[in-house]
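Below is one structure; the comments refer to it alone.
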Amino acid sequence: MDISIIVPLFNEAESLPHLYEWIARVMKENKFSYEVIFVNDGSTDNSWEVIEKLKTESLELKGEGEIHGICFRRNYGKSAALQMGFQAAKGDVVITMDADLQDSPDEIPELYKMITVDGFDLVSGWKQKRYDNKLTKNLPSKLFNATARRVTGIHLHDMNCGLKAYRKDVVKNIEVFSEMHRYIPYLAKNAGFTKIGEKVVQHRKREFGTSKFGMSRFVNGYLDLLTLWFLNKFGKQPMHFFGLVGSLMFFIGFIAVIVVGGMKWYALAHGIKAMLVGVNPYFHIAILMMILGCMLFLAGFLGELIIRNSPSRNDYLVKTEI
């Protein structure tokens, strides 16, 4: 099969028939063999009934494409929907797109070419010209993407664009969890897929329904980025972080205690009136640093014990074998 198209959705019943009709037309024009996987993320409208109807009609018409549906019992989020779609995908190239008709299926042939001919592992869309509110979406998005480029080293203008194309190997070797769908290119890079490209794509105005994303996604996005950076850098060797920071804090606190004690001894030796060590605030700060240093070191040690007993401690991504 040439292409698997994964469409995560939440309350998009009105747009689904239009989207599938558009996808089918593009696929037929380019003679692709394909499947469309709708992942219903706990919709409260009749989205699932629409998917069932589309599948029934497709079987009756015996079209060239296949329709598959996955329905969650409740809303788990876009990451969970994409992960289930990735597990089910059978196509050589996997395309993800949103169900709100803001992503154009006309982009699929060129995205497919960039994967199969140009040799990219992943191609991310870039909605260069957007129709969103500039104050509430465009500006925060630019700041978010600038930070993501700095931290990840991946120079994409729109890392969170829902329209992406992947080589099949990519989606089968990454795990999308929590709200990490924003950073799939970073997950792919950490898994060894470094040929990551970008394509300017059309951004269309929403025709039906309302946006499902609020301002909180930007705050959560920064926290998720920090989590990914930490897991990538210290996930297999937590002692390298906690042990280093803890040792430095303990060392600084220990030196500070010696300095406070030395100052007290010097004052006593020369008959100078000095503050009691027990009421000296610097003494308490130094002791606190030593305690925190020990706790961080122990946290790293416990992290290493957990890693050593983890069944995935020797899981490595193999590119090929002969």
*asked:* Just the number please: accessible area per residue for segment 77-183, 1.4 Å probe, all protein chains included, in Å².
replied: 41
_Using a 1.4 Å probe on the protein heavy atoms only, what accessible surface does L9 show? Give it in Å² to the nearest 10._
10
*Ignoring ligands, DNA and RNA, what percent of the 1.4 Å accessible area of the chain is carbon and sulfur?*
61
*Post the alpha-carbon centroid distance, segment 285-307 to segment 218-277, in whole angstrom.*
10
*Between the helical axis of 216-234 and the dominant principal axis of the chain, each derived from Cα atoms, what acute angle in degrees is found, rounded to the nearest 10?*
70
_Let me check something: with ligands and nucleic acids excluded, how do W229, W48, W265 order by accessible area (1.4 Å probe), largest to smallest?_
W265, W229, W48
*Could you work out how far apart the two model spin labels at K233 and L298 are, taking each label as a point 7 Å from the Cα in the direction of the beta carbon, and quote it in nm?*
2.6
*Whose amide H sits under 5 Å from the amide H of I6, counting only residues 5 or more places off or on another chain, with H placed in the peptide plane?*
I37, I95, T96, M97
*What do you reckon, how do K236, K31, K55, K127 stack up by accessible area (1.4 Å probe), largest on top?*
K31, K236, K55, K127
*Under 20 Å from the Cα of K127 - aspartates and glutamates, other chains or at least 8 residues apart*: D98, D100, D103, D106, E107, E110, D158, E198, E207
_Largest to smallest principal axis extent of the C-alpha atoms in the chain, angstrom_ = 101, 54, 37
_What distance in nm separates the two pseudo spin-label positions at S33 and D92, each 7 Å out from Cα along the beta-carbon direction?_
1.0
_Where labels lie 7 Å past Cα in the beta-carbon direction, separation of D106 and S178 in nm_ = 3.9
_By accessible area with a 1.4 Å probe, ligands and nucleic acids excluded, highest first: order of H155, H181_ = H155, H181
_Which of the three applies to segment 1-149, rounded, prolate or oblate, going by the alpha-carbon gyration tensor with a ≥ b ≥ c and a/c under 1.5 meaning rounded?_
oblate
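The values are calculated or read from the model by the stated rules, or taken from the named source; none is laboratory data. Computed from a predicted structure; not experimentally measured. Cβ: placed from backbone, ideal geometry, glycine included. Neighbour counts: every protein chain shown. Heavy atoms of the whole protein, side chains included, go into the accessibility calculation; ligands, DNA and RNA do not. Shrake-Rupley method; radii C 1.70, N 1.55, O 1.52, S 1.80 Å.
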